[in-house]
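I have placed the structure first, in the form of structure tokens, so that the comments after it can refer back to it.
The values are calculated or read from the model by the stated rules, or taken from the named source; none is laboratory data. Treat the numbers as computed from the prediction; the structure is a model and nothing was measured. As a convention, Cβ positions derive from the backbone with ideal geometry for all residues, glycine included, and neighbour counts pool all protein chains shown. Ligands, DNA and RNA are excluded from the accessible area calculation, which covers all protein heavy atoms including side chains. Shrake-Rupley method; radii C 1.70, N 1.55, O 1.52, S 1.80 Å.
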Amino acid sequence: MSPAKQFRYVFRVMMLVLPALVFGAQDFSRTDFPDTFVFGSGSSAYQVEGAAFEDGRTPTIWDTFAHAGEYGGATADVTCDAYHKYKEDVKLMADTGLEGYRFSISWSRLIPNGRGPVNPKGLQYYNYLIDDLLSHGIEPHITLCHSDLPQALEDEYGGWMSRKIIDDFTAYADVCFKEFGDRVLQWTTLNEANVFALGGYDNGFSPPNHCSPPFGFRPCSKGNSSTEPYIAAHNLLLAHSAVVRLYRRKYKTTQHGFVGLNLFAFWSLPYTNKTTDIIAAQRANDFYLGWFASPLIFGDYPDVMKRNAGSRLPKFTRQESAQVKGAVDFIALNHYMTVHVTDSSSSLETDIRDFSADAAFQFILAGGATTPPGMYPVTEPGLQGVLEYFKQAYGNPPMYIHENGQMTPRTAILNDTTRVDYLQVYIGNLLDAVRNGSNVKGYFTWSFLDCFELLDAYGSAFGLYYVDLDDKNLQRYPKLSAHWYANFLKGSKHSAILEIEDKVLHSSQSHSSS
């Protein structure tokens, strides 16, 4: 039997066994959350669409980064081919019971030059996708830019390093609101704005790959790690606030939607009970979360950032402060794990500093002997902690969890019990936050499909569905986690645990299309 046929056989056996599963009790279900709460899953354009050179799409900074060999030759030129297979994927979403689907629009697919004429093929694709989601009762939650700035704008004026980006980003958002806003209520301007600024302009581990010695995960051809992250972040905030003002002025009264910003969020705990570590944990929250949340809520950067970064941190003019303050309808978080924080104030004594040296702390990853290598621990779930922090520090703004999920090696093993364990623990932790009064409106697993990942391309996986990259049809296969999530969404207080012999559960990741 060929590997591909063996894999399909394993899948059929799983489908036969599923009805006879033995379930263990858990003490919560979908019905314990408010009816208005949205449960879904997510993706982003570059990571799942493929069709990188089709129908008028032009390169983005992420295409350039991948094609420069940053992933050892791997790219997302094809990846899951969601551009052509969106109907199949939406059907799977409906079968899973998703209430919402979070995805991003490829700016360079919709407006190939970054500004100017709209691409009819790109417009058609997103219209079809939105309509198909709605026809299946699934809410579209759209992110405008998920790390994939059009390369044309990067080449023309340096992208997010220039204030010219503000006008172009606002014009792009205007097109999206005009074309899709009659059917879309939930908009996010930028994904992980804090990590995008750091990865792209300080350590260089993500596009557009800027950094400078002695900083950086790898050599970069350009950049200044001491100043560029702060400049890029300032422009991100100004562009975001310009888009929010546009929506409120031009579309809010007729479309009644909401515009928010997405941040990456660890839950930071002091490593010891020493005062220095307790202060360092607060400093971690100020630098990672307050960097964007404080201007949006209070109109300025946290005091500790202004002290430690000094003149390298841009200052808001009075007018800029007024336009940024309050320019957010919700804050969305991508949260995966808890970290412990220890003080490293000695870094403030160095002459040349980057963001990390200014922040003056070190992360110590929470974990333990029970956490498998390459996976996130479930012993200290941090959703309730970080949501409570936003409640206390920022007045309990409306919140979404846009990404949360377990990382595993990318294999064809469908019995992902570690992902089921993770989701069970974190959704339970989320329910605790809801019951404690956190103003959280929705939760999205990352990710719906195994896709191209920012850090290691196809080395790791987060999906509820496995995608067979060696199959010319890129067949999707539901993992145990997909069945568990579907069961949860149906309101059952059960947790599925598959017990199938290893020889049935395991198959090679590399199999032919025969």
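Residues considered: Lys91, Lys85. Of these, the only one that is of a type in the set (Lys, Arg) and touching a Leu at 6+ places or on another chain (Cβ under 9 Å) is Lys85. Scan the stretch 73-82 and tell me whether some residue there is assigned to a helix (DSSP H, G or I) and within 18 Å of the chain's Cα centre (by Cα). Yes; the residues of the stretch 73-82 include at least one that is assigned to a helix (DSSP H, G or I) and within 18 Å of the chain's Cα centre (by Cα). Of all the residues in the stretch 27-55, those that are at positive phi and either crowded, with 17+ Cβ neighbours inside 10 Å or modelled with pLDDT under 95 (or both) number 2.
Any idea which of Arg102, Arg109 is within 18 Å of Ser44 (Cα to Cα) and assigned to a strand (DSSP E or B)?
Arg102
Looking at Val328, Val339, just one residue is under 30 Å from Pro214 (Cα atoms) and either of a type in the set (S, T, N, Q) or touching a Leu at 6+ places or on another chain (Cβ under 7 Å) (or both), and that residue is Val339. Return yes when Glu139 is acidic (Asp, Glu) and under 22 Å from the mean Cα position of the chain (by Cα) and no when it is not. Yes: the conditions hold for Glu139. Within the stretch 162-190, the set of residues being charged (D, E, K, R), open to solvent by less than 50 Å² (accessible area, probe 1.4 Å) and touching a residue at least 60 places away in the same chain (Cβ under 8 Å) comprises just one member, Asp174.
Of everything listed in (1) open to solvent by 50 Å² or more (accessible area, probe 1.4 Å); (2) in contact with a Phe, Trp or Tyr (Cβ under 6 Å, 6 or more places away or on another chain), the single unmet condition for Gln406 is (1). Listed by position, the helices (runs of 4 or more DSSP H) inside the stretch 262-366 whose residues that are among the charged types (D, E, K, R) number at least 2 are 275-285, 303-309, 318-324.
Taking the conditions (1) more than 20 Å from the chain's Cα centre (by Cα); (2) aromatic (Phe, Trp, Tyr); (3) open to solvent by 30 Å² or more (accessible area, probe 1.4 Å) in turn, Phe355 satisfies each one other than (3). Annotation for the stretch 229-250: no member residue is touching a residue at least 60 places away in the same chain (Cβ under 8 Å) and not in a helix (DSSP H, G or I).
From (1) under 16 Å from Glu192 (Cβ atoms); (2) surrounded by 20 or more Cβ atoms within 10 Å (Cβ to Cβ), pick out the condition that doesn't hold for Leu238. For Leu238, the exception is condition (1). Do we have Tyr443 as in contact (Cβ under 8 Å) with a residue 24 or more places away in the chain, outside any loop (DSSP other than H, G, I, E, B) and open to solvent by less than 10 Å² (accessible area, probe 1.4 Å) here? In short, yes. One residue alone among Thr379, Thr418 is β-branched (Val, Ile, Thr), under 19 Å from Leu480 (Cα atoms) and either out of contact with any helix residue (DSSP H, G or I) (no Cβ under 7 Å at 6 or more places or on another chain) or assigned to a loop (DSSP other than H, G, I, E, B) (or both), and that residue is Thr418. Need the failing condition index for Asn203 against (1) open to solvent by less than 30 Å² (accessible area, probe 1.4 Å); (2) in a helix (DSSP H, G or I), just the number. Just one mismatch for Asn203, condition (2). Reported count of residues in the stretch 32-53, each being touching a residue at least 12 places away in the same chain (Cβ under 8 Å) and farther than 21 Å from Tyr458 by Cβ, is 8. Within the stretch 57-80, the set of residues being open to solvent by 30 Å² or more (accessible area, probe 1.4 Å), of a type in the set (Asp, Glu) and either in contact (Cβ under 8 Å) with a residue 40 or more places away in the chain or closer than 20 Å to Pro219 by Cα (or both) comprises just one member, Glu70. Being on the phi < 0 side of the Ramachandran plot, buried (at least 20 other Cβ atoms within 10 Å of the Cβ) and at pLDDT below 95 is a property that Ala482 lacks.
Each residue in the stretch 452-475 was checked for being open to solvent by less than 10 Å² (accessible area, probe 1.4 Å) and under 22 Å from the mean Cα position of the chain (by Cα), and 8 pass. For the stretch 121-161, name all the residues that are open to solvent by less than 20 Å² (accessible area, probe 1.4 Å) and touching a His at 6+ places or on another chain (Cβ under 9 Å). His141, Thr143 - these are the residues of the stretch 121-161 that are open to solvent by less than 20 Å² (accessible area, probe 1.4 Å) and touching a His at 6+ places or on another chain (Cβ under 9 Å).
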